[in-house]
Amino acid sequence: MELTSLTILEAGRLLRRGEVSAVELTESALDRIVAVDNQVRAFLTLTPEFALEQARAADERLAAARRSGEEDLPALLGIPMAIKDVLCTEGVPTTCGSRILEGFLPPYDATVVERLERAGYVLLGKTNTDEFAMGSSTENSAYFPTRNPWDLSRVPGGSSGGSAAAVAAHEALGALGTDTGGSVRQPAALCGVVGLKPTYGRVSRYGLVAFASSLDQVGTLTRDVADSALLLSIIAGHDVRDSTCVDLPVPSYLEALSPEIAGLRIGVPEEYFGPGMDPGVEATVRQALRQLETLGAQLEPVSLPHTSYALPVYYLIAPAEASSNLARYDGVKYGHAAPGADELWELYKRTRGEGFGAEVKRRTMLGTYALSAGYYDAFYLKAQKVRTLIRQDFDRAFEKVDVLAAPTSPTVAFPIGARVEDPLQMYLSDIYTLSLNLAGLCGISVPCGFVDGLPVGLQILGRAFDEATILRVAYAYEQSTPWHTCHPNLSVGQGVDPAGS
Amino acid sequence: MPLTRQEVEHIAELAKLALSQEEIERFQEQLSAILDYAAVLQRLDTEAIPPTAQVIELRNVMRADEVSPSLPVEDVLGNAPSRRDSFFCVPPVIEVAP
């Protein structure tokens with residue numbers, strides 16, 4: 001078996017038994033990146049020297065543990081991973097996919113990065129993203145688009161497209177992403193990997209460069225559900241440096257995994273099978289729902305009647321928050337500064353005009369408009385009120401069922417360039433993922449099949465702070481199907497190559 | 001209702017964004033389309049509905065008022081495009097007497 005196709009848990013077992021070293025594992029990941037990343041382009045920054053240094057330290061720790069008989073080792077000791085480039089990494093460039101932060105070296109680590117480090121991980125590099133996580137295809141990166149490992153002419157989804165593609169292309173064993181309106185789940189679906197968006201408040205956002213503060217959450221991208229459970233148990237939990245991070249106990253998500261879901265009530269929201277959905281995707285997701293039924297779950301139709309309002313609500317609230325958050329990019333403290341400005345307003349305007357790309361400008365304009373005098377009530381306040389209705393839809397549904405199951409994305413990966421000229425068309429990619437962020441709940445996308453050789457994702461949505469149940473459903477589904485063992489065949493271009501065939 | 005050119009220029013001023021003529025025209029068209037789309041929200045009666053600003057029940061999160069180390073000044077200033085001593089430099093914001 002190739003070292004690069006191991007899951008985090010498999011690699012961890014081999015490391016502990018001494019059958020592979022952390023340096024070997026890291027070198028194989030770095031070799032894989034050299035071999036395929038010129039095609040995939042998942043990484044904005046690589047940190048090979050730092051990675052090997054961390055791997056050598058992990059090997060020393062492993063050797064010492066073998067000598068002393070110590071068994072309680074950090075969970076990610078020696079595991080090579082990737083981090084989305086919106087999370088601060090001390091001394092390692094953090095660009096947010098933007099020219100305005102080119103060359104920015106954070107003076108501190110994000111809490112989630114600190115926790116991975118404490119768990120012994122190895123940082124391979126920082127992954128590509130739509131600029132400031134604003135996008136659904138990673139084409140809004142100011143540097144270059146990332147390509148879908150299953151078909152290099154198509155997008156990987158976004159905005160965590162670099163992290164999803166890196167995991168799918170076997171460049172990293174796992175990755176962190178962020179999800180403001182679907183940015184972990186949608187690229188996970190389009191790249192055929194598992195993407196988990198935890199509940200708002202479950203994971204610290206200290207050191208996450210803010211986009212929309214009432215929606216942003218850090219999530220995980222992995223090859224299987226058990227790895228997501230492992231990573232969540234490491235990154236979740238209270239952090240005094242983020243006042244929106246809730247002080248609740250963190251359960252052992254791995255122990256909660258079970259292939260047994262008989263009797264569980266799964267709601268199927270009828271509004272998530274609407275017009276605009278690709279018929280192949282619909283058939284694939286309906287087949288996955290039958291599989292859940294075969295496993296003993298009870299399917300129940302439910303209604304989330306305000307679903308069609310989620311898109312306009314999101315595209316007023318998220319840009320409004322972004323226009324405020326992005327006010328900090330002014331050419332004074334860090335990042336790009338327009339040369340030759342001889343007056344402060346001019347410095348601000350020119351710095352931002354030069355440093356931001358089209359989508360960031362568009363959303364800054366939209367958000368500023370929605371918050372401006374005379375329009376606040378009609379747009380921003382109205383959107384916040386409809387947000388309440390969307391939350392209430394979920395509250396009512398979860399009185400009757402334990403989780404909801406639905407498609408993650410209405411289509412498979414679309415061709416690069418197909419939607420860049422039409423922002424509304426691009427926004428529709430997130431139509432099944434946005435509501436969850438507006439309601440602050442948790443969700444996971446798990447691979448559920450293929451349409452024309454391109455992956456499809458099944459989304460399981462759960463109650464606030466009930467990640468254990470969505471992980472359990474996703475795990476039961478995954479373990480009864482072959483999809484998580486399918487890998488893109490990059491060396492011959494495209495196609496499905498089930499492991500072991 | 002399409003945005004006028006003056007409205008787009010006004011928003012750009014509020015947002016402190018220098019836009020080219022071409023960008024102003026493009027945003028006039030695209031923002032108008034997005035706002036038209038958002039007008040569907042007006043169909044809902046939300047008179048009695050409270051707004052949601054954030055979804056968790058926490059309010060006034062307090063912590064102990066303890067002294068802890070801050071980031072080193074050199075690290076914080078390390079990313080500054082322009083600095084002098086321990087200050088960020090900006091162009092003049094007040095008129096200088098001749």
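Out of all the residues in the range A:299-306, is one or more more than 21 Å from residue A:473 (Cβ to Cβ) and crowded, with 18+ Cβ neighbours inside 10 Å?
Residues of the range A:299-306 more than 21 Å from residue A:473 (Cβ to Cβ): A:305-306.
Filter once more, so that each one left must be crowded, with 18+ Cβ neighbours inside 10 Å: A:306.
Yes, because at least one residue in the range A:299-306 is more than 21 Å from residue A:473 (Cβ to Cβ) and crowded, with 18+ Cβ neighbours inside 10 Å.
Of all positions in the range A:174-196, none carries a residue that is in contact with a Cys (Cβ under 6 Å, 6 or more places away or on another chain) and either buried (at least 24 other Cβ atoms within 10 Å of the Cβ) or within 20 Å of residue A:236 (Cα to Cα) (or both).
Scanning the range A:216-258 for residues that are among the hydrophobic types (A, V, I, L, M, F, W, C) and touching an Asp or Glu at 6+ places or on another chain (Cβ under 7 Å) yields A:225, A:232, A:245. Against the test of being in a helix (DSSP H, G or I) and in contact (Cβ under 8 Å) with a residue 24 or more places away in the chain, the options A:9, A:77, A:14 yield a single qualifying residue, A:9. Taken over the range A:160-180, the criterion of being under 10 Å from the mean Cα position of the chain (by Cα) and of a type outside the set (Asp, Glu) is satisfied by A:160, A:161, A:162, A:163, A:164, A:175, A:176, A:177, A:178, A:180.
Please go through the range A:297-333 and give me each residue that is touching a residue at least 12 places away in the same chain (Cβ under 8 Å), charged (D, E, K, R) and assigned to a loop (DSSP other than H, G, I, E, B), ordered by number. Within the range A:297-333, A:330 is the sole residue that qualifies.
To keep it simple, each residue is scored yes or no on (1) of a type in the set (Lys, Arg); (2) surrounded by fewer than 18 Cβ atoms within 10 Å (Cβ to Cβ).
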site	(1), (2)
A:40	no, no
A:43	no, no
A:52	no, yes
A:56	yes, yes
A:62	no, no
A:66	yes, yes
A:72	no, yes
A:76	no, no
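Which residue out of A:260, A:293 is farther than 30 Å from residue B:17 by Cβ and without any contact (Cβ under 8 Å) to a residue 24 or more places away in the chain? None of the other options fit; the residue is A:293.
Every condition in (1) away from chain B (no Cβ under 14 Å); (2) under 18 Å from residue A:404 (Cα atoms) holds for residue A:307 except the one numbered (1).
The set of residues in the range B:1-25 that are of a type in the set (Lys, Arg) and more than 8 Å from chain A (Cβ to nearest Cβ) contains only B:5.
Conditions (1) free of Cβ contacts under 8 Å to residues at least 12 places away in the same chain; (2) touching a Pro at 6+ places or on another chain (Cβ under 6 Å); (3) more than 30 Å from residue A:94 (Cβ to Cβ); (4) not in a loop (DSSP other than H, G, I, E, B), marked per residue:
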site	(1), (2), (3), (4)
B:34	yes, no, no, yes
B:63	yes, no, no, no
B:66	yes, no, no, no
B:92	yes, no, yes, no
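Taking the residues in the range B:38-90 that are of a type in the set (Ser, Thr, Tyr) and more than 9 Å from chain A (Cβ to nearest Cβ) as candidates, determine which candidate is farthest from the chain's Cα centre (by Cα).
As a first pass, look at the range B:38-90 and keep what is of a type in the set (Ser, Thr, Tyr): B:46, B:52, B:68, B:70, B:82, B:86.
Then drop every residue that is not more than 9 Å from chain A (Cβ to nearest Cβ), which leaves B:68, B:70, B:86.
Details: B:68: 30, B:70: 26, B:86: 27 Å.
Among residues in the range B:38-90 that are of a type in the set (Ser, Thr, Tyr) and more than 9 Å from chain A (Cβ to nearest Cβ), the one farthest from the chain's Cα centre (by Cα) is B:68.
Does at least one position in the range A:228-240 carry a residue that is within 26 Å of residue A:281 (Cα to Cα), buried (at least 23 other Cβ atoms within 10 Å of the Cβ) and in contact with a Lys or Arg (Cβ under 7 Å, 6 or more places away or on another chain)? No, because not a single residue in the range A:228-240 is within 26 Å of residue A:281 (Cα to Cα), buried (at least 23 other Cβ atoms within 10 Å of the Cβ) and in contact with a Lys or Arg (Cβ under 7 Å, 6 or more places away or on another chain). Each residue in the range A:412-459 was checked for being hydroxyl-bearing (Ser, Thr, Tyr), in a loop (DSSP other than H, G, I, E, B) and within 19 Å of residue B:34 (Cβ to Cβ), and 1 pass.
For the condition within 14 Å of chain B (Cβ to nearest Cβ), within 20 Å of residue A:471 (Cβ to Cβ) and buried (at least 18 other Cβ atoms within 10 Å of the Cβ), residue A:246 qualifies. Among the conditions (1) assigned to a loop (DSSP other than H, G, I, E, B); (2) touching a helix residue (DSSP H, G or I) at 6+ places or on another chain (Cβ under 6 Å); (3) surrounded by 24 or more Cβ atoms within 10 Å (Cβ to Cβ), the only one that residue A:210 does not satisfy is (3).
Bear in mind these aren't lab numbers, they're just calculated from the coordinates by the rules spelled out. Values in this document were obtained by computation on a predicted structure and should not be read as measured data. Positions of Cβ are backbone-derived with ideal geometry, glycine not excepted, and every protein chain shown enters the neighbour counts.
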